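> I'd like to ask you about the structure that follows.
The values are calculated or read from the model by the stated rules, or taken from the named source; none is laboratory data. This structure is a prediction, so every number in the text was calculated from the model and none was measured. Glycine also receives a Cβ, built like all others from the backbone with ideal geometry; neighbour counts cover every protein chain displayed.
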Amino acid sequence: MNIRLAAVCIVTMTALLVTASCGEPGAPPTPTAVPQVTGDALASSSSASDLSERARAGESAFNANCSVCHGVGAVGTRSGPPLTDGVYHPGHHGDPSFRSAVRNGVPQHHWGFGDMASVPGVSADEVESIICYVREVQRANGLFEGSDYSTVC
Ligand code: HEC
């Protein structure tokens, strides 16, 4: 009886662990009908070999200044939205909105995360590289095609 109980307990704990590691408890709500980007897609699409040199520089700057809220791979966190979401398609949030977000911050308007404060200490050149990185990740995730929209790269 005790052994059976222990076995049930182990099975239950394993199931809980699997659920905990596979679930996305911090996934923010999506305001559009754009398909959710999966971790797998990003893991393969944003690998360094797929990124241009400029985007790789942008990735470093992004990870140093933005990923704390927007997540590694721009997939979002509990503190900020995924920039791979359809709402950040270049036809809706063009490059100027990125420059302005970094310089001036962003009042909360699309999500429930609160305002984004400006991010000091990021050079103009780094901002361009960051935009390049985000656009390449967006493209790799099918948000838009090659040169359909005018972006820094
Ligand atoms: C402290 C958290 C935080 C950090 C750090 C942060 N952001 Fe944000 N950002 C947010 C939040 C929250 C929003 C969403 C505001 C809304 O629309 O509700 C946002 C929105 C944006 C937007 C959308 C702008 C718009 O016009 O709607 C862009 C672009 C952006 N961030 C880029 C960046 C970049 C680039 C960096 C790094 C240089 C960065 N963010 C760092 C929290 C952050």
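> Filter region 109-129 down to residues that are touching a helix residue (DSSP H, G or I) at 6+ places or on another chain (Cβ under 7 Å) and not small (Gly, Ala, Ser), then give me how many there are.
6
> Pairs under 6 Å by beta carbon, first residue more than 7 Å from the ligand (Cβ to nearest atom) in region 88-115, partner β-branched (Val, Ile, Thr), six or more apart or different chains?
Matching pairs, first to second residue: PRO90/THR151; ASP95/ILE131; ASP95/THR151; ASP95/VAL152; ARG99/VAL127.
> May I pose another question? Checking the condition closer than 16 Å to ASN141 by Cβ and at pLDDT 95 or above, which residue from PRO96, PRO120, PRO81 passes?
PRO81
> For SER150, indicate whether it is touching a residue at least 60 places away in the same chain (Cβ under 8 Å) and in contact with a helix residue (DSSP H, G or I) (Cβ under 7 Å, 6 or more places away or on another chain).
no
> Name every residue in region 136-153 that is charged (D, E, K, R) and modelled with pLDDT under 90, in order of residue number.
Within region 136-153, GLU145, ASP148 qualify.
> Mind listing just one residue for me: the one in region 50-87 that is within 12 Å of SER129 (Cβ to Cβ) and among the charged types (D, E, K, R) and, of those, farthest from the ligand (Cβ to nearest atom)?
If we take residues in region 50-87 being within 12 Å of SER129 (Cβ to Cβ) and among the charged types (D, E, K, R), then GLU53 is farthest from the ligand (Cβ to nearest atom).
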